[in-house]
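What follows is one structure encoded as structure tokens, with my remarks underneath.
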Amino acid sequence: MSEDVNPFESLHEQIDDAAAVLDVSSGVLDRFKHPERVLETTLSIERDDGSLATFEAFRSQYNGDRGPYKGGLRYHPNVTRDEVKALSGWMAYKCAMVDIPYGGGKGGIAVDPDDLSEGEIERLTRAFAAELRRVVGPDVDIPAPDVNTGPREMNWLKDTYETLENTTAPGVVTGKALESGGSEGRVEATGRSVMLTAREAFDYLDIDLDGATVAVEGYGNVGAIAARLLEAEGASIVAVSDSSGGVYNSNGLDPQAVRDHKTETGSVTGAPDVEEQLTDEELLTLDVDLLIPAALENAINRDLAEEVEAEVIVEGANGPLTPRADDVLSDRDVAVFPDVLANAGGVTVSYFEWVQNRQRFYWSEERVNDELETVMVEAFEDLVGTYEERGLPSFRTAAYVVGLSRLIDAYDEAGNFP
């Protein structure tokens, strides 16, 4: 379904679109189009049968002008150097968009975790942590969960770092389990920010969210939580999908029942109250009010964008639209609210977790959710304010104008060294 699109080149196009409406020199712009450093390493672990296995791993530190590098670690067979560079760039602009004091980072291991036992995943994670030890730290670079990682992996990373450094440093990673210094509200944070963005978008566009039909591509943590929270706002979740396929009910599915079925079986297919099965492409082109692509990059290419019938798209995944798909949807007046705003709840509550770790004082879930809502609503207002004031062609360009402006301001205030 995807075009031959390099995600790092997609990032450059998005930055260039924003730079076209800003007064920025080519030299300064180049600074914000490339990571400051990339760690590339080969990890070796002993398999359960005693054999040795090796895996490529990466960590990209994109920009530190606004604070420590921040971003997830993913375990996926398609992880590449260019992918983590692009993802770290998107993180830098995302943090600037929602105005939290972080730069951008991202990393990953080229592995299918389903091929490994739990013990092998632990050994691989600790091997990666040992390599990352030289370049991470609570004031330097703070990893977090991403695709196929979660509190378990973050706990192992934290323990390895603390053991090797002979210290306690709960703020070295975020997305930890509560008992290891995690934050209330972190698990739901990204899905919650997708819901908040959709709520604000529908209000801005003068569309009633109560009764609106929603399709969710990618029914993992982000998609499932966004679906449940949107249903609580009155929306009707008519279709969801995962890597096994999609399910549809014109009268609405029960998001929690579908998630429970996926937890039990590993798939949304066969979930209760399903009228029909769908392919991923059929879901992405359903006639719905709101489409949430929440899987991986490049889910919607130029050709598929011609068939999209949704009125509004809110991006739960990073980079789910190719640049050409973006152009098509903009020409068709489909309102696309970009990933660097919509899924910023994860990094925002990671920031809250980091603050709590440093203070050794922990917040209630209610406070976390209230603080997240404040950040997201203010960021949405910055987005649409910039979109209207500058007469920009898309909300994505507006988001990058906001983010790039803040990165440039931080650079100008600090000056260049040496």
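The values are calculated or read from the model by the stated rules, or taken from the named source; none is laboratory data. What you see is a predicted model, and the numbers here were worked out from it, not measured in a lab. Positions of Cβ are backbone-derived with ideal geometry, glycine not excepted, and every protein chain shown enters the neighbour counts. Note: areas computed on protein heavy atoms with side chains; ligands, DNA, RNA excluded. Shrake-Rupley method; radii C 1.70, N 1.55, O 1.52, S 1.80 Å.
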Among the residues of the range 333-350, how many are surrounded by fewer than 23 Cβ atoms within 10 Å (Cβ to Cβ) and touching a residue at least 12 places away in the same chain (Cβ under 8 Å)?
2
Among the residues of the range 390-418, write down those that are among the aliphatic types (A, V, I, L, M) and surrounded by fewer than 15 Cβ atoms within 10 Å (Cβ to Cβ).
ALA414
Name the residues in the range 38-63 that are without any contact (Cβ under 8 Å) to a residue 60 or more places away in the chain and open to solvent by 30 Å² or more (accessible area, probe 1.4 Å), would you?
VAL38, GLU40, THR42, ASP49, GLY50, SER51, LEU52, THR54, GLU56
Which residue pairs have Cβ atoms under 6 Å apart, sit 6 or more places apart or on different chains, and have a first residue in the range 139-158 that is in contact (Cβ under 8 Å) with a residue 24 or more places away in the chain and of a type outside the set (Asp, Glu) and a second that is open to solvent by 40 Å² or more (accessible area, probe 1.4 Å) and not in a strand (DSSP E or B)?
TRP156/GLU122; TRP156/ARG126
Taking GLY89 as meeting all but one of (1) surrounded by 15 or more Cβ atoms within 10 Å (Cβ to Cβ); (2) under 18 Å from ARG123 (Cβ atoms), write down the number of the exception.
(2)
Looking at the range 186-203, I want the residues that are under 19 Å from ALA215 (Cβ atoms) and have a partner that is surrounded by fewer than 24 Cβ atoms within 10 Å (Cβ to Cβ) and modelled with pLDDT under 95 with Cβ atoms under 9 Å, at least 6 apart or on another chain. Which pairs are those?
THR190/ASN221; GLY191/ASN221
Per the filter on the range 302-320, residues open to solvent by 20 Å² or more (accessible area, probe 1.4 Å) and within 21 Å of the chain's Cα centre (by Cα) are ASN318
Within the range 348-361, is there a residue that is aromatic (Phe, Trp, Tyr), closer than 27 Å to GLU179 by Cα, modelled with pLDDT of 95 or more and assigned to a loop (DSSP other than H, G, I, E, B)?
yes
Would you confirm whether any residue within the range 108-127 is under 24 Å from LEU164 (Cα atoms), touching a helix residue (DSSP H, G or I) at 6+ places or on another chain (Cβ under 8 Å) and in contact (Cβ under 8 Å) with a residue 60 or more places away in the chain?
yes
Among the residues of the range 162-213, write down those that are hydrophobic (A, V, I, L, M, F, W, C), under 17 Å from the mean Cα position of the chain (by Cα), modelled with pLDDT of 95 or more and not in a helix (DSSP H, G or I).
VAL173
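Name the single residue that is most open to solvent (accessible area, probe 1.4 Å) among those in the range 249-267 being over 24 Å from the mean Cα position of the chain (by Cα) and farther than 18 Å from VAL238 by Cβ.
GLU264
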Counted residues, the range 7-32 - those being part of a loop (DSSP other than H, G, I, E, B) and either hydroxyl-bearing (Ser, Thr, Tyr) or crowded, with 16+ Cβ neighbours inside 10 Å (or both):
4
